[in-house]
1. Which of these, N349, N124, N255, has the largest mean-square fluctuation under a Gaussian network model of the chain (Cα springs below 10 Å)?
2. When the scattering of the range 17-105 is computed by the Debye formula from its Cα atoms alone, each counted once and equally, what is log10 I(q)/I(0) at q = 0.11, 0.16, 0.24, 0.25 Å⁻¹?
3. Kindly write out, for the range 344-351 in residue order, the coupling ³J(HN,Hα) from the Karplus curve 6.51 cos²θ - 1.76 cosθ + 1.60 (θ = phi - 60°), rounded to whole Hz, with x marking Gly and Pro.
4. Normalised by the number of residues in the chain, what is the relative contact order in percent for Cα pairs under 8 Å and 6+ residues apart?
5. May I ask for the equivalent-ellipsoid semi-axes of the chain, computed as the square root of five times each C-alpha gyration tensor eigenvalue and listed largest first in whole Å?
6. Which FRET efficiency value, to the nearest 0.05, is calculated for K353 and N214 with the Förster distance at 56 angstrom and r the Cβ-Cβ distance?
7. Could you give me the ³J(HN,Hα) list for the range 319-327, computed from phi with Karplus coefficients 6.51, -1.76, 1.60 and θ = phi - 60°, whole Hz, x at Gly and Pro?
8. For a bin width of 10 Å, list the pair-distance distribution of the range 196-291 built from all Cα-Cα distances, rounded to whole %.
Amino acid sequence: MNILILYKDNENKNIIKDSNNNNLYFFKQKEYSYKKIKNLKNEKDIQIILYIGKNNFLLNIYSSFLNIPVVYTENSKNTEDIEVILQNKLAYKDRKDLPVLMYHRVIDDKSEIGFYDTYVTKENFEMQMKYLSENSYTSITFKDIQNGEYKRRFDKDKKYVIITFDDGYKDNLKNALPILKKYNMKMVLFLITSETYNKWDTDVENREKEKKFNLMTKEEVKELIASDLVEIGGHTTKHLDMPNVDLKTIEEDLNISNKIIEEITGYKPISFAYPWGRSTKESRDIVKKVGYKFAVSTEDGPACFSDDLFEIVRVGIYSDDDIEKFKLRISGKYPFIREKRNEMKAFRNKIRKFFGIKTKQ
């Protein structure tokens, strides 16, 4: 982030600790002016102002005219949370953030269509990757941003996307990887480590059974990694439904999964995907405890990427997503649209409840 700090005294200048991923500029509160801030914005692309003190009416006017959001804090020692607050303010300024896409399978034959819509065709996947390439998107992995580099995602020259795949189907190697190579796109694969097929969807009694789709062998995963385009993350050993599993079992499972991933890749995984996107606060704490730095859900979690790095929302890409739908999903605005929808739904249900009308799910 490019941050202008308006400080009272010199000790306030240390409020932002991460100078590697933030560009910091300073004016003393008695010395700043509209013209100075405007010139600095033009020269250094100032994205946000941090004011050490109470809400300032004149600064709010400057902020409005210059289109630079302001964050106020009276506690200059609030170094831990302040960067999270600044990023949230920037994300909600334009209601957009770093898009994290979710895929499962890429198919090249109609016989591979299953009951559940967890696939895209090879043709559509290529069309989507081509769109990203032609529109100057840079695909990144969680390893690329593990030291806080995601704080630079608001820079004008940054157009990031994270492409994720769940489970580890054989078609990821056969169909997805050649296309990723063609357009120089990276992916993060959240790997089920101890199954050979999608047993969690086929061997079920209380819902529709999925067709059997085989997962990659360890050797095939290594072939995927050899492309230098793939990060491997955790996804449990057997696709655990974490809210319905005791915490001790979860921790044991994650340790086993991590060990297998480390044997395959040579590194400890830093990113994790909750199976079915489901988690609880307690299970998220276990994910942190075993050493992960990031964890993704599906639709649950805040719209702003950095509000909770252990409940990062993703945007699912499905079989009926044409290029116009894909443009919306890749825009970075989709989680905010979904959040607004949910807020309106909750408001309408509140009204219904007040008048004794049945609420909607």
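1. N349
2. Normalising to I(0) and taking log10 leaves -0.36, -0.71, -1.52, -1.60.
3. 5, 4, 4, 5, 5, 5, 5, 5
4. Result for the chain is 15 percent.
5. 40, 23, 21
6. It comes out at approximately 0.70.
7. 5, 9, 7, 6, 5, 5, 5, 4, 4
8. Result, from short to long distances: 15, 43, 34, 8, 0 percent.
The values are calculated or read from the model by the stated rules, or taken from the named source; none is laboratory data. Note that this is a predicted model, so its numbers are computed, not measured. Note: ideal-geometry Cβ built from the backbone for every residue, glycine included; neighbour counts use all protein chains shown. Areas reflect the complete protein model, heavy atoms only, side chains present, ligands, DNA and RNA absent. Shrake-Rupley method; radii C 1.70, N 1.55, O 1.52, S 1.80 Å.
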